[in-house]
Amino acid sequence: MDYMTVANSPFIYIVSGLIVAYVVLLCVIYLRNGLKRARALGIGSDTLRRTIRTAATFSVAPSLPIVVALIAMMGIMGLPYPWMRLSIIGSFQYELTTAKIGASAMGVEQLSTASSPQVFANSIWIMSLGIIWGMLMSVLFMKKFSHGLDQAKKKDQTKLQLIITALYFGMLSVFVGPPIVQGGIGLLTLLVSAGLFFLLTKLLQHRPRSVWTDFIFTFSMVGGMIFAVAYQWLF
């Protein structure tokens, strides 16, 4: 049996669909409880609507690369499992890397060249077990870590702020560093997005209540993606 038959089987669709439905239900519950709590605190409806609109807007642009990643993964791992993974916690780079590790462990260089469902199953296990530790560590130790931060804030808030800032810029460098060092289309896309963000911010700085201020980040990301596609097509 070809592994793609298993990857696109009704069983995988049902299991993946149930997981996604459960996460959507959790989102609805959190949204309902959050709105209820916000009204209890006296936050106005206009503020709530603007917050929801901004959050929804910020979700659109980051979702576009995920859709592209799903299309790319469909030919390798079928539709339901990548759809479930990318809808919840996975990322394109992580999924492909761990899928390749799972296939290599079974003696296959690439998952796309696999001929047995066992290789596909092993890749799924590697992908699932490899990503669970972040969530597990958060459940077990995040409360203690948060308490430690509160204690450190009381002792020396300046030093704590420096540590948090350093961690933030360290995380930022993971995404910004490679295109700056490698150059090419990645660097050009970064510069175009940053330039659009700066330009839109300057244009709207005298209109802080404009509805378009909520879309600056989205327009910058989409503009960068459009530039990258056009550049690749033209050059």
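The values are calculated or read from the model by the stated rules, or taken from the named source; none is laboratory data. Worth saying up front: this structure is predicted, and the values here are computed from it rather than measured. Cβ placement follows ideal geometry from the backbone for every residue including glycine, while neighbour counts extend to all protein chains displayed.
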Residue count, the stretch 180-235, condition in contact (Cβ under 8 Å) with a residue 40 or more places away in the chain, β-branched (Val, Ile, Thr) and farther than 21 Å from Ser59 by Cβ, comes to 1
Note: among Leu172, Leu188, just one is part of a helix (DSSP H, G or I) and in the same structural domain as Phe227 (by TED's automatic domain parsing), namely Leu188
So the helices (runs of 4 or more DSSP H) completely within the stretch 26-123 holding 1 or more residues that are at pLDDT 85 or above, of a type in the set (Phe, Trp, Tyr) and under 30 Å from Val222 (Cα atoms) are 80-88
